[in-house]
Amino acid sequence: MPKQDPTPLPYGPLQYYQSHFIVKIDSEENDNVLARCEPVTKGHFGSKRVVDIKWTGADKFAEVLRADARLTEMLKEVMLREGEIRVDPLGDHIRIYGKWIHEDAFAFNQTMFEIADRIAGHIKTRLRARRNALTIARRCSYLLLEMKLPLIVLEKLQFCGKAVVSQAWLEV
Amino acid sequence: MWAAILPVAVEHTHHSSHADSHEEEHGHGDAEPIIIKKVAAHEKLVQKMKESGIDCESLPYGSHQLEREEAYYSHVFALSSRLVTNKGLIKVEDKNIDFVQILQRN
């Protein structure tokens with residue numbers, strides 16, 4: 001049971017802390033890794049337990065995380081304590097964090113670190129694959145322009161190239 | 001506030017004093033000073049992480065760009081905190097995670 005201050009100040013820092021696990025990656029696609037994880041629970045108070053994990057988020061990233069069975073097992077261990085895990089993209093980095101924890105209970109949690117590391121692995125894999133697909137698409141466009149083909153041929157080739165890259169993009 | 005919950009290093013020496021009232025109670029003049037070593041939140045966490053076999057180091061306050069961000073949240077999610085205090089940054093090596101930042105709620 002956390003100790004409550006009997007005379008709390010009306011301003012200033014509170015006795016709650018939060019760890020942000022930060023992935024530093026500069027990509028145009030950072031906004032597509034927005035996700036939130038919530039537990040599906042049964043029972044109340046002492047008998048409350050996590051029976052499932054629900055991922056919601058942008059793009060297909062939530063599906064990737066949902067498909068990771070090992071991640072789901074680890075999440076079931078910590079979700080009663082963490083309550084919710086958010087994957088929050090900002091400009092050049094992505095933050096992974098849980099809820100605020102009272103200072104009495106705030107400590108390093110090995111399982112939570114492994115979960116964040118696993119999510120970070122998925123983020124890096126996905127964003128790097130997308131960045132590579134984008135780089136290939138741009139190089140293809142430059143090559144086609146340098147070949148100085150007749151306009152109609154160029155348009156058809158560019159259309160085919162875009163179709164191939166788009167397909168690769170969807171498969172990532 | 002954080003220091004209150006951290007274990008403190010206490011050293012006893014033989015050449016200084018406590019309060020006079022203690023001298024009267026115990027009947028001797030040589031009391032022992034108590035040296036309290038404050039450990040910052042992120043430094044304490046680094047110790048625990050190193051015990052778990054994670055290669056990491058604490059960075060000085062305000063030394064990294066991440067600590068000088070205008071906001072630590074994108075505010076896409078509802079009820080994201082607006083008033084928070086940075087309590088330190090930890091650099092993690094050989095992991096997918098690059099940094100761990102400790103925040104305190106205001």
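Collect the residues in the range B:27-45 that are open to solvent by 60 Å² or more (accessible area, probe 1.4 Å) and within 13 Å of another protein chain (Cβ to nearest Cβ), keeping them in residue-number order. Give the derivation first.
Of all residues in the range B:27-45, those open to solvent by 60 Å² or more (accessible area, probe 1.4 Å) come to B:27-28, B:30, B:32, B:34-38, B:43.
B:E43 - this is the single residue of the range B:27-45 that is open to solvent by 60 Å² or more (accessible area, probe 1.4 Å) and within 13 Å of another protein chain (Cβ to nearest Cβ).
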Quiz item: What is the residue count in the range A:1-41 for residues that are in a loop (DSSP other than H, G, I, E, B) and of a type in the set (G, A, S)?
Solution: 2
Quiz prompt | Wholly within the range A:48-149, helices (runs of 4 or more DSSP H) carrying at least 1 residues that are within 13 Å of another protein chain (Cβ to nearest Cβ) and closer than 25 Å to B:I102 by Cβ | solution = A:69-82, A:110-146
Quiz item: In the range A:29-64, which residue that is over 10 Å from the mean Cα position of the chain (by Cα) and acidic (D, E) is farthest from B:L66 (Cα to Cα)?
Solution: A:D52
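Being among the acidic types (D, E), open to solvent by 30 Å² or more (accessible area, probe 1.4 Å), modelled with pLDDT under 90 and more than 11 Å from the chain's Cα centre (by Cα): is that true of A:D26 here? Give the derivation first.
Details: among the acidic types (D, E): yes; open to solvent by 30 Å² or more (accessible area, probe 1.4 Å): yes; modelled with pLDDT under 90: yes; more than 11 Å from the chain's Cα centre (by Cα): yes.
It is true that A:D26 is among the acidic types (D, E), open to solvent by 30 Å² or more (accessible area, probe 1.4 Å), modelled with pLDDT under 90 and more than 11 Å from the chain's Cα centre (by Cα).
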Practice problem: Could you list, in sequence order, all residues of the range A:99-118 that are touching a residue at least 60 places away in the same chain (Cβ under 8 Å), among the aliphatic types (A, V, I, L, M) and either surrounded by fewer than 17 Cβ atoms within 10 Å (Cβ to Cβ) or touching a Phe, Trp or Tyr at 6+ places or on another chain (Cβ under 8 Å) (or both)? | Solution: A:I101, A:A105, A:A116
Practice problem: Would you check which residues across the range B:46-97 are among the charged types (D, E, K, R) and facing chain A (nearest Cβ under 9 Å) and list them? | Solution: B:K48, B:E51, B:E69, B:K87, B:K95
Quiz item: Which residues, counting only those in the range B:46-69, are closer than 21 Å to B:K95 by Cβ, assigned to a helix (DSSP H, G or I) and open to solvent by 70 Å² or more (accessible area, probe 1.4 Å)?
Solution: B:Q47, B:K48, B:K50, B:E51, B:Q65
Self-check item: First in the range A:26-49 and under 21 Å from A:L71 (Cβ atoms), second anywhere and of a type in the set (D, E) and assigned to a strand (DSSP E or B), Cβ under 6 Å, 6 or more apart
Solution: A:V40/A:D52
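The values are calculated or read from the model by the stated rules, or taken from the named source; none is laboratory data. All values derive from a computational prediction rather than experimental measurement. We place every Cβ from the backbone using ideal geometry, glycine too, and count neighbours over all the protein chains shown. The accessibility values were calculated without ligands, DNA or RNA, using every heavy atom of the protein model including side chains. Shrake-Rupley method; radii C 1.70, N 1.55, O 1.52, S 1.80 Å.
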